[in-house]
Amino acid sequence: MRYEELTIEGRNAVIEAFRAGRTVDKLFVLDGCQDGPIRTILREAKKHDVIINYVAKERLDQLSETGKHQGVIAFAAAYEYAQVEDMLALAAQKGEPPFLILLDNIEDPHNLGAIIRTANQAGAHGVIIPKRRAVGLTATVAKTSAGALNYTPVAKVTNLGKTIDELKEKGLWFVCADMGGETMYRLDLKGPIGLVIGSEGEGVSRLVKEKCDFIASIPMKGEIDSLNASVAAGVLAFEILRQRMGM
């Protein structure tokens, strides 16, 4: 299902969006505003576990496209999010061991869109992103994915580490990309697997990295020390595909 409107402004419009079941990624509310409609919006946001940002009027004016925000702006997802269970069901339906890509600290919509496109081409059954410190399914992400969002499910989870623990119980094991790891060609990357990718700057966070079974590095010969996150995801995802195909 495709959503069209992404920035929702004004109290009634935001209340209606929640009541219509729209997926809201982030909510921006005028700091200190506590009247009835705002309280209703905050109650709906908390019910749906939406990230709430209390900001100054200047920030809302900056974000506003209509100039009529009335102290509240919601950013809705361009596409509906899937559940992690949907991805496991997709793998089972295809008769394949699950292959999921988990993203930690990816805040650039072009990177996320490119990774979703790669996930689709490399045969991954879904992409998992965290709620906080991450970009959601914006229009830019949709455009950069070049249509892959129509086929590759994306789930948003509150806690990436907890999700990894739950997936381990279902038989998946995890490999994360890090320059200090074992060269990827020496690792057995077959079977039910989760590939964890972090941002170029911060990489995979320590808590998430500690939950991974293997750390894979990509051999490099250049003078700079890291790859763009979407390129790193592509290199590792296609190595996983190569091993799965027995080549």
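Just so you know, all these numbers are worked out from the coordinates, no wet-lab data involved. Values in this document were obtained by computation on a predicted structure and should not be read as measured data. For neighbour counting, all protein chains shown are included, and Cβ atoms are generated from backbone atoms with ideal geometry for every residue, glycine included.
What do you get for the angle between helix 109-121 and the principal long axis of the chain? Use alpha-carbon atoms, 0 to 90 degrees, nearest ten. Its long axis makes an angle of about 50 degrees.
Phi angles across region 38-47 convert, under the Karplus curve 6.51 cos²θ - 1.76 cosθ + 1.60 with θ = phi - 60°, into 3J(HN,Hα) values of 5, 4, 4, 4, 5, 5, 4, 4, 5, 4 Hz, Gly and Pro given as x. Read through the labelled values (i) 19.1; (ii) 18.0; (iii) 22.3 and report the label of the one computed as Kirkwood radius over Cα pairs in Å from the structure. The value matching this structure is (i). One Cα centroid belongs to region 1-71, the other to region 123-159; the line between them spans 22 Å. Looking at region 101-176, the GluC sites (Glu not before Pro) that sit in a DSSP loop and have at most 14 other Cβ atoms within 10 Å of their own Cβ are GLU107. With respect to the chain, whose longest principal axis is taken over its alpha-carbon atoms, helix 160-169 is tilted by about 50°.
Given the -39500 (n - 2.57) contribution per DSSP H run of 4+ residues, what per-residue ellipticity at 222 nm results for the chain, rounded to the nearest 500 deg cm²/dmol? Write down the numbers at each step before the final one.
Details: 9 runs with 90 residues, N = 247.
Roughly -10500 deg cm²/dmol at 222 nm, from the helical runs in the chain.
Length gained on full extension, SER64 to ASP86: 4.4 nm, using 0.36 nm per residue less the C-alpha separation.
Note: relative contact order over region 34-126, using C-alpha pairs below 8 Å and six or more positions apart, is 20 percent.
Sparse packing (at most 15 other Cβ atoms within 10 Å of the Cβ) combined with a DSSP loop state is found for the following GluC sites (Glu not before Pro) in region 36-93: GLU65, GLU80.
Compared with the dominant principal axis of the Cα atoms in the chain, helix 229-244 is inclined by about 40°.
Of all the options ILE115, ILE51, ILE215, the one that moves most in a Gaussian network model of the chain with Cα springs shorter than 10 angstrom is ILE51. Taking every alpha-carbon pair under 8 Å whose residues sit at least 6 apart, the chain reaches a relative contact order of 18 percent. Would you calculate the separation in nanometres between label points at ASP165 and ASN53, each defined as 7 Å from the Cα along the Cα-to-beta-carbon direction? Here the modelled spin labels are 3.0 nm apart. Since only ALA92, GLY71, GLY147 are under comparison, the one whose Cα sits farthest along the positive direction of the charge dipole of region 1-148, derived from C-beta charges on Lys, Arg, Asp and Glu, is GLY71.
Taking amide hydrogens as placed 1.01 Å from N in the peptide plane, the amide H of GLY194 sits under 5 Å from those of LEU100, TRP173, PHE174, VAL175, each at least 5 positions away in sequence or on another chain.
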